[in-house]
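What follows is a short report on a single structure.
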Amino acid sequence: MQARVKWVEGLSLLGESSSGHQIMMDGNAGDKAPSPMEMVLMATGGCSTIDVVSILQKGRYDITDCEVKLTSHRREEAPRLFTHINLHFMVTGKGLTDKAVERAVMLSAEKYCSVSLMLGNSVEITHSFEIKDVD
């Protein structure tokens, strides 16, 4: 995997993935686009959400929506590393059980989510979830 990041102006950056997709980033507290740290946070949520949805779908659960709300804490001093991230999943579907959703979340956290596992060596990562049943 490769990528490139090009300085545009001020603290604005243009990132391009090896698959040809582009995204803006902004080092000025996210004034014009997400900051690099916001991108890391969103990448954590995206990676884990893909896992949770895939695991539940493979278990033949009828999922209609899945959203993860991420909250984080960072050090006050430089480098402003994440110290804690919580991923709170809101999973909507028919016939979902606490056991199935908890299993999917834990498999993502402990085995599949590369971003969380990479950050987990230096960041306390916690998980929670709620289920919204659809009739």
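The values are calculated or read from the model by the stated rules, or taken from the named source; none is laboratory data. None of the values given here were measured: they were computed from a predicted structure. Here the Cβ positions follow ideal geometry from the backbone for every residue, glycine too, while neighbour counts run over all protein chains shown. We work out accessible area using only protein heavy atoms, side chains counted, and drop any ligands, DNA or RNA first. Shrake-Rupley method; radii C 1.70, N 1.55, O 1.52, S 1.80 Å.
Structural remarks
- Evaluation of G95 against (1) in contact with a strand residue (DSSP E or B) (Cβ under 7 Å, 6 or more places away or on another chain); (2) on the phi > 0 side of the Ramachandran plot; (3) surrounded by 13 or more Cβ atoms within 10 Å (Cβ to Cβ) (one fails), failing number: (3)
- Neighbours by Cβ (under 7 Å, 6+ apart or cross-chain): first from the stretch 27-53, closer than 30 Å to V101 by Cα; second part of a helix (DSSP H, G or I) and among the aliphatic types (A, V, I, L, M): P34/M42; A43/V115; T44/V115; T44/L119; C47/V115; D51/L107; V52/A104; V52/V105
- Top-ranked residue in the stretch 39-64 [being open to solvent by 80 Å² or more (accessible area, probe 1.4 Å) and β-branched (V, I, T); ranked as nearest to R4 (Cα to Cα)]: I50
- Of the numbered criteria (1) under 18 Å from I131 (Cα atoms); (2) open to solvent by less than 60 Å² (accessible area, probe 1.4 Å), the one H84 fails is (1).
- Every residue from the stretch 14-48 that is aliphatic (A, V, I, L, M), modelled with pLDDT of 95 or more and either touching a Cys at 6+ places or on another chain (Cβ under 6 Å) or farther than 30 Å from V105 by Cβ (or both): L14, M24
- Selection of the stretch 17-38 for residues being out of contact with any Asp or Glu (no Cβ under 8 Å at 6 or more places or on another chain) and crowded, with 18+ Cβ neighbours inside 10 Å yields M25, D26.
- Within the stretch 119-134, the set of residues being modelled with pLDDT of 95 or more, of a type in the set (A, V, I, L, M) and either under 14 Å from the mean Cα position of the chain (by Cα) or farther than 17 Å from T49 by Cα (or both) comprises L119, V123, I125.
- Taken over the stretch 105-126, the residue count meeting the criterion of being open to solvent by 50 Å² or more (accessible area, probe 1.4 Å) and out of contact with any His (no Cβ under 6 Å at 6 or more places or on another chain) is 9.
- Evaluation of E102 against (1) of a type outside the set (G, A, S); (2) modelled with pLDDT under 95; (3) open to solvent by 80 Å² or more (accessible area, probe 1.4 Å) (one fails), failing number: (2)
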